[in-house]
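Chemist: Mind looking over this structure? Questions follow.
The values are calculated or read from the model by the stated rules, or taken from the named source; none is laboratory data. Being a predicted model, the structure only gives us computed values, none of them experimental. Here the Cβ positions follow ideal geometry from the backbone for every residue, glycine too, while neighbour counts run over all protein chains shown. Surface accessibility is based on the protein's heavy atoms, side chains included, excluding ligands, DNA and RNA. Shrake-Rupley method; radii C 1.70, N 1.55, O 1.52, S 1.80 Å.
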Amino acid sequence: MAARDKHGVDAPWSAGFQVVGRPSRKIDGLAKAVGHAVYADDITLPGMLHTKFLRSPHPHAKIRSIDTSKALALDGVHAVITGECMPIKYGVIPWTPDENALATDKVRFIGDEVAAVAAIDEDTANAALELIDVDYEVLHAFLDPDEALTRQDPQIHEQSEANKKKRGHRGNVSKHVDLEFGDVDAALDAADVLIEDEYTFHGTTHAAIEPHCALAQASPDGLLTVWSSTQITHYVHRALARVLEIDASQIRVIQPCLGGAFGGKSDPFALEFVVAKLALLTGRPVKCLWTREEVFYAHRGRHPMQMRYRTGAKKDGRLTGVDAKILIDGGSYSSFGLVTTYYSGQLLTGPYDFPAYRFDSTRVFTNKPPCGPKRGHGSVQPRFAFEVQLDQVAEKLDLDPIEIRRINFQGENTQTVNGQRITSNGFMECLDEVERASRWKERRGKLPRGRGLGVAGSMYITGTNYPVYPNKLPQAGIQLQADRSGLVTVFTGGNDIGQGSNSIARAIVAEELGLDPMSVRVVAADTDLCPVDLGAYSSRVTFMVGNATIDAARKLRKLIVSAVAEAWEIEEKRVFMARGEVFDLESRNRRITTREAFHLAEERYDTLGTTGAYNTPTLGGDYRGGTIGASPAYSFTAHVVEASVDEETGRITVENCWIAHDCGRALNPMLVAGQMEGSAYMGIAEAVMEEHAVNRFGLHAGPSLLDYRIPTSVDTPELHALIVESLDPEGPYGAKEAGEGPLHPSIPAISNAVFDAVGIRLTHLPFTPGKVLAALRAQRSKNLATPVGTGGA
Amino acid sequence: MLRLPKFEIARPTSIDEVVALLSEHGDDAQIIAGGTDLVPNMKHELFTPKVVVSIADVPDIAGVRVESDGTLAIGAMTTLHDVASDERVRSIAPALGHATALISGPQLRRMGTLGGNVMLDTRCQWYNQTHFWRKSLGYCLKKDGTVCHVVQSGQKCVAAASNDSAPALMTLDATLVFHGTDGRRELPIDDLWRADGIYNKHVSGELLTEIRIPATPRGHRGAYEKLRDRDSIDFPLLGVAARVDWDDAGDRVARAEVCLVALQARPVRLKKVAELLVGKQRASAELDGAIEASAERAYKQCRPLPNIPGDHEYRHEMAPVFVRRALRACVRASENASDAAGV
Amino acid sequence: MDVAAPAHWTLLEVLRYRMGLTGSKQGCDKGDCGACTVLVDGRPELSCLTLAALAEGKQITTIEGLMPAHVAAGGEGADPVQDAFDRCGALQCGFCQPGMMLSARALLNGNACPTKGEIKDALSGNLCRCTGYTQIIQAVELAVAEAAGVEPVSPAWAPHENPWRSNGTAPANETTER
């Protein structure tokens, strides 16, 4: 780790933090409030064409031929393209490029993109789609992951013979990871209690309210500009260069204001390549706005997982070992699936100490919309299973569910069983906070039947040192420009997707240079203007962009301080910056404005600008895959959920959710709380309401915001955000992530609360009322069969 | 954006003009009131009318009034919001007040009309989808196709009536005023429905102008219970309207009704179920028993199909629960009839 | 204002693509999300389900209209609802919020002191995917409290100092600098 990457947890000036640590407005808040913020579909260019996609009506088929001639002949149609014009495959993970912008030889799910039309308006483009003839040879469709695991004919993705041998698998396997740390069999044999159970996590999707949209314009001098609602500008930039076979220096990618993402805008998507290609072919600007239905087909949502866990513990509650076997339904393409498969095991090894641990995860392809990274990528599902199982262990040992989590706390500055470095760890404070706020001790196990409390914990990465494509370059870069007006402009490749990363960059620069935040502007996510950042995923932005910003700001500060010190003929340590002014600490009435200081510095050092960067230290276990899931800092969370169960209807109502989250230092507690509340909301919704379901034909069962039911204001419980600040030694001022970790415990905490309420264990998601009623019936018949005096809850 | 197919708009300013337009264009015309059902259905290409006939400019078909004989007359163009928040509706027809307050969300209640809800198209998970979606399956019996995906090899469409107002109006003996080429006629609401999901009404080519609810007795109580996943926006997965009228002395049940929606093509009246309550003493064990028996009988008489989204076996299980809850809400309601809809 | 558009265009399409009023958003295509909410003669309605031709003669207020109306009425800067949404962190991605703020504005126009339940009900036709609604509801409560001159409730995440108190920390102070 370079010196540039570690800045300490303290305020830059002796007066303490002036901006950081306080709730403050977002940099783009008012622009969004008054309707001025420009999102991708708000952009209209002169002469712009509109694009619509022809999609596969079959879950699995070969394309024998496509005839576009009639469509092309339609008045108002400027171009019709098919897969052959972009034959190079891509994929966000460089090892698994298996996608084409438009299908070249076969289609793999209902909704797969086959052809695209550019026309003068959407109506004409739609009419043209009806005129395209595609001859399909329908193939057997895999809808069941168990079948995909064992049946290899037909292959959803053709594999080379060598690859088949190397994988050593039958079936349609996308990725298999089998890792063991310690002697798990011996550890489980040595346990006093062993709980074994099966858990199901269903598919869910992001449902950001803004549908995906992209626009492209090709200029005669060969420059291609693409505006896209992406959360990772840099990967889109690379993928466009690869697929379009254009040098990346001739492509500019801009992310306008983004209407939510949650992982659903992390992959390069067909529409980005298609508008670019069509802009090049037609010489006109081209836009594509996906319908809500198309967004559901694009998916990349939470992977369904079938999980079997075995957990052993001693009588005192100490865990001896954990053994997991997981089948992951990947859908039709790889997307981030290689990472997902690792994450399904690698991210479980905190906040508890596992003396021995094994996981065996297999991701298979099926003919359904492709799964990918959704908030809490790959780790929400195993976390659900394990936290319910941990409650089962506590039940068996007659331990308080919070207590068993304390007993197994791994501590700070330690190493997990799979070799991940843990630095700060505020999990115990998180448990204390939710225990206190929920009045756990007075109420857990003591509420009237039908109402209960449940707890769960979790940890999550704050970025990862695995940069998707291997390189030694910084993960985050920043440039600062100091203007003669006193304004500082931050140029960052980081993607503000609503989480407020641009506001954090502004706050850091203001803090470091003693400026009013209004004197700092941010230019972001434009590949022509901004240094590379790897984008908004893996909860990396605050940590990595934050550190890079501190690095750049301290370099600029050094220039200013030294110029002022030289002009004033004093030692540099006497120069102090605050509230837009520069003081002499020992002679307070000697002061100039920051603007004047900028002039002094520019006279002394020429045009003022600095760069900053961040890269992760070398991390991870010394084994294949050991770097996947290795993070410079982990966040920790505990939730207590209060739920009620209507035993007549089976409906679970989450009444309250107390969310205690260790985010290191809360750079802006209001934004941290917003992430915590939004995360908990999303987890609760997945547990009791949402399901990304595919019907028996392989067709998405309800690709709309009517049928995919995301909770409204009246369906959302009271959310109580309790911020815990552990101050991480490597985070910017000690900060860690807050955007994904706080989703994890919601789901198992609901299951555990239902157990407290009515004594049933819900292990298969989603927790529909029908399942609750079935479990209650089973409980009643079991109680009837049990001799009096030993009945259940 | 999902686009509307092309059409022309007609803006008639009288009932006669509307009737003439409907007569002239036949199946090529669609009436638009609030548009909250028609516009999504047109975006799905379930309807592709050449002429959309707006009735927004037709005078005197919106508003609530109470006639001298106590009849509650509600103009078909009255918005659901205005119906739900009208004190006279809540007092005379509490089940309707409650049902309309539970339709969709706040914006749609301000756009959607009572007439539109009565005339709502039936719904099905295999039908309320885009053209692409339906085409991928070779369409369905209700629209453009020959097979039903709900009932394998089914020859009759089983799309579900999904209008919350319908069962409430049925418990209230509502009559509907239609205008057609033969002039004005009144139709008891029960006579509107036919058991065909493709089009579940006996009326076509006519304009619904008014919903008339005869005066309810002093002892009238009504309630509506709605099963849905979310407490806003969603259509019913099951809707139960109940009516309990106490006799003049306020001691015994003089009349009871139970009507359900979101089961099959037509809203259903469970006559035999409700009759169990008649004559039963207020706050008595026999009344409680009759409510339980009603619930059990409702379970036997209801057969939800996997037509609308959600687990149909669960919907079946909920039929007795919601019948019981609706009846209990009625008998629990205080003398202040405006509270009767509350639960 | 006169604007020409085909008969089959919705009000949302005309606002966004003919008039350049892109503040009204499109999220679901067909009446399920509320992002396109506008005020029609003061009532919150969905512009994606409104045929543009049938909006003729009606007063349409989009998100762009709130601040000018507030200024015209003698106020400064953004409408208090818009300002409160910003101060409370309710604008994460911001995409659903134009519709949300218009629903909130319509509520407050008819009911200056709504309960929390009434606020939730009034906003229940506007889906938000970022916030879990908490900071949105806090924003409406803040606007209500400030209009009534009472101290707003402090959020759970600020146990020590109420950030919404008018003499509180940064959010309130910054207002004057705009």
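Chemist: When segment A:359-394 is examined, which residues are found to be part of a loop (DSSP other than H, G, I, E, B) and of a type in the set (Phe, Trp, Tyr)?
Modeler: Taking segment A:359-394 as the starting set, the residues that turn out to be part of a loop (DSSP other than H, G, I, E, B) are A:365-379.
Within segment A:359-394, just A:Phe365 meets the criteria.
For every residue, the table says whether it meets (1) within 14 Å of chain C (Cβ to nearest Cβ); (2) under 22 Å from the mean Cα position of the chain (by Cα); (3) more than 30 Å from C:Pro159 (Cβ to Cβ).
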| site | (1), (2), (3) |
| --- | --- |
| A:Tyr681 | yes, yes, no |
| A:Ala685 | yes, yes, no |
| A:Pro729 | no, no, no |
| A:Tyr733 | no, no, no |
| A:Glu737 | no, yes, no |
| A:Pro742 | yes, yes, no |
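Chemist: Within segment A:372-404, track down each residue that is among the charged types (D, E, K, R) and either without any contact (Cβ under 8 Å) to a residue 60 or more places away in the chain or in contact with a Ser or Thr (Cβ under 9 Å, 6 or more places away or on another chain) (or both).
Modeler: Answer for segment A:372-404, where residues must be among the charged types (D, E, K, R) and either without any contact (Cβ under 8 Å) to a residue 60 or more places away in the chain or in contact with a Ser or Thr (Cβ under 9 Å, 6 or more places away or on another chain) (or both): A:Lys374, A:Arg375, A:Arg383, A:Glu387, A:Asp391, A:Asp398, A:Asp400.
Chemist: While we're looking at this one, here's another question. Please enumerate the residues belonging to segment C:102-161 that are of a type in the set (Ser, Thr, Tyr) and open to solvent by less than 10 Å² (accessible area, probe 1.4 Å).
Modeler: Scanning segment C:102-161 gives C:Ser103, C:Ser124, C:Thr131, C:Tyr133.
Chemist: For segment C:70-99, enumerate the residues that are facing chain A (nearest Cβ under 7 Å) and part of a loop (DSSP other than H, G, I, E, B).
Modeler: C:Ala78, C:Gly89, C:Leu91, C:Gln92, C:Cys93, C:Gly94, C:Phe95, C:Cys96, listed by residue number.
Chemist: Just to be sure before I move on: is B:Thr13 more than 23 Å from the chain's Cα centre (by Cα), among the β-branched types (Val, Ile, Thr) and at pLDDT 95 or above in the structure I sent?
Modeler: Details: more than 23 Å from the chain's Cα centre (by Cα): yes; among the β-branched types (Val, Ile, Thr): yes; at pLDDT 95 or above: yes.
So B:Thr13 fits the description; yes.
Chemist: Specify the residue that is nearest to A:Phe262 (Cα to Cα); the eligible residues are those in segment A:654-675 that are in a helix (DSSP H, G or I) and either more than 8 Å from chain C (Cβ to nearest Cβ) or open to solvent by 10 Å² or more (accessible area, probe 1.4 Å) (or both).
Modeler: A:Gln675
Chemist: Quick test for you: out of B:Thr122, B:Thr171, B:Thr146, pick the one residue that is open to solvent by 20 Å² or more (accessible area, probe 1.4 Å) and of a type outside the set (Lys, Arg).
Modeler: Exactly one residue qualifies, and that residue is B:Thr146.
Chemist: Still on this structure, I have one more. Return the total of residues in segment B:79-100 being more than 15 Å from the chain's Cα centre (by Cα) and open to solvent by less than 10 Å² (accessible area, probe 1.4 Å).
Modeler: 1
Chemist: Across segment A:59-69, what is the number of residues that are open to solvent by 50 Å² or more (accessible area, probe 1.4 Å) and of a type outside the set (D, E, K, R)?
Modeler: The number of residues fulfilling the criteria is 3.
Chemist: Only one residue in A:Glu429, A:Glu442, A:Glu435 is in contact (Cβ under 8 Å) with a residue 12 or more places away in the chain and open to solvent by 50 Å² or more (accessible area, probe 1.4 Å). Which one?
Modeler: A:Glu429
Chemist: Also, quick follow-up: Among the residues of segment B:29-40, is there at least one that is touching a residue at least 60 places away in the same chain (Cβ under 8 Å), within 10 Å of chain C (Cβ to nearest Cβ) and charged (D, E, K, R)?
Modeler: yes
Chemist: I've got another one for you. Do the conditions hold for C:Leu21, that is, is it in contact (Cβ under 8 Å) with a residue 60 or more places away in the chain, more than 7 Å from every other protein chain (Cβ to nearest Cβ) and surrounded by fewer than 24 Cβ atoms within 10 Å (Cβ to Cβ)?
Modeler: Considered against the rule, which asks whether it is in contact (Cβ under 8 Å) with a residue 60 or more places away in the chain, more than 7 Å from every other protein chain (Cβ to nearest Cβ) and surrounded by fewer than 24 Cβ atoms within 10 Å (Cβ to Cβ), C:Leu21 comes out as no.
To keep it simple, each residue is scored yes or no on (1) within 30 Å of B:Ala159 (Cβ to Cβ); (2) open to solvent by 40 Å² or more (accessible area, probe 1.4 Å); (3) at pLDDT below 95.
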residue: B:Val261; (1), (2), (3): yes, no, no
residue: B:Leu270; (1), (2), (3): yes, no, no
residue: B:Gly279; (1), (2), (3): no, no, no
residue: B:Ala295; (1), (2), (3): yes, no, no
residue: B:Arg303; (1), (2), (3): yes, yes, yes
residue: B:Arg328; (1), (2), (3): no, yes, no
residue: B:Ser338; (1), (2), (3): no, no, yes
residue: B:Val343; (1), (2), (3): yes, yes, yes
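Chemist: What number of residues in segment B:46-79 are within 12 Å of chain C (Cβ to nearest Cβ) and either within 24 Å of B:Asp234 (Cα to Cα) or touching a Cys at 6+ places or on another chain (Cβ under 7 Å) (or both)?
Modeler: Taking segment B:46-79 as the starting set, the residues that turn out to be within 12 Å of chain C (Cβ to nearest Cβ) are B:46, B:48-57, B:79.
Next, from what is left, pick out any that are either within 24 Å of B:Asp234 (Cα to Cα) or touching a Cys at 6+ places or on another chain (Cβ under 7 Å) (or both): B:46, B:79.
Final tally of qualifying residues: 2.
Chemist: Might you let me know whether segment A:626-639 holds any residue that is aliphatic (A, V, I, L, M) and in a helix (DSSP H, G or I)?
Modeler: No, because not a single residue in segment A:626-639 is aliphatic (A, V, I, L, M) and in a helix (DSSP H, G or I).
Chemist: Another one. With the condition kept exactly as written, say whether any residue in segment A:107-115 is open to solvent by less than 20 Å² (accessible area, probe 1.4 Å), more than 14 Å from chain B (Cβ to nearest Cβ), in contact (Cβ under 8 Å) with a residue 24 or more places away in the chain and out of contact with any Cys (no Cβ under 8 Å at 6 or more places or on another chain).
Modeler: Yes, there is a match, as at least one residue in segment A:107-115 is open to solvent by less than 20 Å² (accessible area, probe 1.4 Å), more than 14 Å from chain B (Cβ to nearest Cβ), in contact (Cβ under 8 Å) with a residue 24 or more places away in the chain and out of contact with any Cys (no Cβ under 8 Å at 6 or more places or on another chain).
Chemist: If you take the residues of segment A:688-702 that are in contact with a strand residue (DSSP E or B) (Cβ under 8 Å, 6 or more places away or on another chain) and among the aliphatic types (A, V, I, L, M), which of them is farthest from the other protein chains (Cβ to nearest Cβ)? Don't jump to the end; show me each part of the working.
Modeler: Taking segment A:688-702 and keeping what is in contact with a strand residue (DSSP E or B) (Cβ under 8 Å, 6 or more places away or on another chain), we get A:688, A:690-694, A:700-701.
Those still in the list that are among the aliphatic types (A, V, I, L, M) too: A:688, A:693-694, A:701.
Numbers: A:Val688: 9, A:Ala693: 9, A:Val694: 12, A:Ala701: 7 Å.
For segment A:688-702, the residue satisfying everything is A:Val694.
Chemist: Against the conditions (1) within 11 Å of chain C (Cβ to nearest Cβ); (2) in contact with a helix residue (DSSP H, G or I) (Cβ under 7 Å, 6 or more places away or on another chain); (3) crowded, with 18+ Cβ neighbours inside 10 Å, where does B:Ile9 fall short? Just the number, please.
Modeler: The failed condition is (3).
Chemist: Going through segment B:45-66 one residue at a time, which ones are surrounded by fewer than 23 Cβ atoms within 10 Å (Cβ to Cβ) and under 25 Å from B:Tyr139 (Cβ atoms)?
Modeler: B:Glu45, B:Leu46, B:Phe47, B:Thr48, B:Pro49, B:Lys50, B:Val51
Chemist: How many of the residues making up segment A:536-578 are touching a Gly at 6+ places or on another chain (Cβ under 6 Å) and assigned to a loop (DSSP other than H, G, I, E, B)?
Modeler: Counting residues in segment A:536-578 that are touching a Gly at 6+ places or on another chain (Cβ under 6 Å) and assigned to a loop (DSSP other than H, G, I, E, B) gives 3.
Chemist: Could you say whether any residue in segment A:589-598 is modelled with pLDDT under 95 and either within 41 Å of the chain's Cα centre (by Cα) or not acidic (Asp, Glu) (or both)?
Modeler: Within segment A:589-598, one or more residues are modelled with pLDDT under 95 and either within 41 Å of the chain's Cα centre (by Cα) or not acidic (Asp, Glu) (or both).
For (1) crowded, with 22+ Cβ neighbours inside 10 Å; (2) away from chain C (no Cβ under 14 Å); (3) closer than 30 Å to C:Ala84 by Cα, each residue gets a yes or a no:
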{"residue": "A:Ile43", "(1), (2), (3)": "no, no, yes"}
{"residue": "A:Met48", "(1), (2), (3)": "no, no, no"}
{"residue": "A:Ala71", "(1), (2), (3)": "yes, yes, no"}
{"residue": "A:Ala79", "(1), (2), (3)": "yes, yes, no"}
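Chemist: Within the bounds of segment A:528-535, is there any residue that is of a type in the set (Val, Ile, Thr), assigned to a loop (DSSP other than H, G, I, E, B), open to solvent by 50 Å² or more (accessible area, probe 1.4 Å) and touching a residue at least 60 places away in the same chain (Cβ under 8 Å)?
Modeler: There is at least one residue in segment A:528-535 that is of a type in the set (Val, Ile, Thr), assigned to a loop (DSSP other than H, G, I, E, B), open to solvent by 50 Å² or more (accessible area, probe 1.4 Å) and touching a residue at least 60 places away in the same chain (Cβ under 8 Å).
Chemist: Between A:Asp622, A:Asp646, A:Asp606, which is surrounded by fewer than 24 Cβ atoms within 10 Å (Cβ to Cβ) and at positive phi?
Modeler: Going through A:Asp622, A:Asp646, A:Asp606 in turn, just one is surrounded by fewer than 24 Cβ atoms within 10 Å (Cβ to Cβ) and at positive phi: A:Asp606.
Chemist: Please go through segment B:219-233 and pick out each residue that is free of Cβ contacts under 8 Å to residues at least 60 places away in the same chain and either in contact with a helix residue (DSSP H, G or I) (Cβ under 8 Å, 6 or more places away or on another chain) or surrounded by 20 or more Cβ atoms within 10 Å (Cβ to Cβ) (or both).
Modeler: Passing the criteria: only B:Gly219.
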